[in-house]
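What follows is one structure encoded as structure tokens, with my remarks underneath.
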Amino acid sequence: MKSLDNNNKNNKNNNKNNNNNNNNNLIENLDDNNIESEDNGPKTSEELYSDYLKEFEFDINNFKLKIIDLGNTEFVNEEKIQDEIMIRNYRPPENIMNDYFNEKADIWCLGCIAFELLTYDYLFELDEDTKNKNETYRDRLHLKQMFEILGKMPKNLIYNCDFNEDLFDNKCNILKMKNIEANSLENILIEEYEYSDETTQEICTFLRKLLEYDINKRYSAKDAYNDLCLN
């Protein structure tokens, strides 16, 4: 993928400033600790901070990656332990509309995280005040956000889902969610995050393959890995 547009780098600069503030706070805390060196007496805060950074240095061409925090992992083709997968922001539509999910849920999650990395914002996020609402209301609201950004879902997916009567009317509209404000990934990236038209088109072509409603058409991990966008 091409480098991010210059205008969009403002978000990165803000994030960098926040990191610098955190680093300054860390240095101030190190000053208070007054840690001593056997050879040179007490270390300065800059020396302590340098030691701190060295702990995270590694050779980009020679390192091992360990995947951790697999507490919610499910085995493919085995009976599921959980009815729901992912935190709310990353939950795929098939797991909102059904008890069902498979490895394609991870691909949907990848699409949400990719958007988040590009914008520093969640793609789908329910307001804090909805936490007191029941889960059916929150599911409808979550689907509403999907419809607004990704467009309406194919009717066959709606007709054949497990919770059709709880979520949709007979015209495939989301129950009690009348004010759907149509938007698009393209408009969001261009108008809210100031990406260029060309870069936006490239990003959205890739994201839509990850955020495909139909799991049979959604990218597999291999498809995503081989996509020209990532090469």
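Every read-out reported here was derived from the displayed coordinates using simple, explicitly stated rules and does not represent laboratory data. Since we're looking at a predicted model, the values are computed, not measured. Please note: Cβ atoms are built from the backbone with ideal geometry, for glycine as well, and neighbour counts cover all protein chains shown.
Quick notes on this one:
- Inter-label distance, residue 164 to residue 74: 2.2 nm, where each label sits 7 Å from its Cα along the C-beta direction.
- Each 10 Å bin from 0 upward holds the following percent of the Cα-Cα pairs of segment 94-231: 11, 39, 36, 13, 1.
- Under the criterion of Cα pairs below 8 Å and six or more residues apart, the relative contact order for segment 148-231 equals 23 percent.
- Residue 113/residue 51 FRET efficiency (R0 22 Å; Cβ-Cβ; nearest 0.05): 0.10
- Flagged links, alpha-carbon separation over 25 Å, of 155/178; 178/209; 155/209; 133/217; 155/176; 131/209: 178/209; 133/217; 131/209
- Cut-off under 5 Å, modelled amide H: who pairs with residue 168 long-range: 175
- Estimated vicinal HN-Hα couplings, Hz - segment 193-208 in sequence order (Karplus 6.51, -1.76, 1.60; Gly, Pro = x): 10, 6, 6, 6, 4, 5, 5, 4, 4, 5, 5, 5, 4, 6, 4, 5
- Residues in segment 181-211 reached by a label modelled at residue 89 [backbone nitrogen below 12 Å; 7 Å Cα→Cβ]: none
- Over segment 158-210, equivalent-ellipsoid semi-axes from the Cα gyration tensor in Å: 32, 14, 7
- Note on residue 138 and residue 226: their simple-model spin labels are 3.9 nm apart, each label 7 Å out from Cα toward Cβ.
- Between the amide H of residue 196 and those of 5, distances stay under 5 Å, these residues lying 5 or more places away or on another chain, with hydrogens modeled in the peptide plane.
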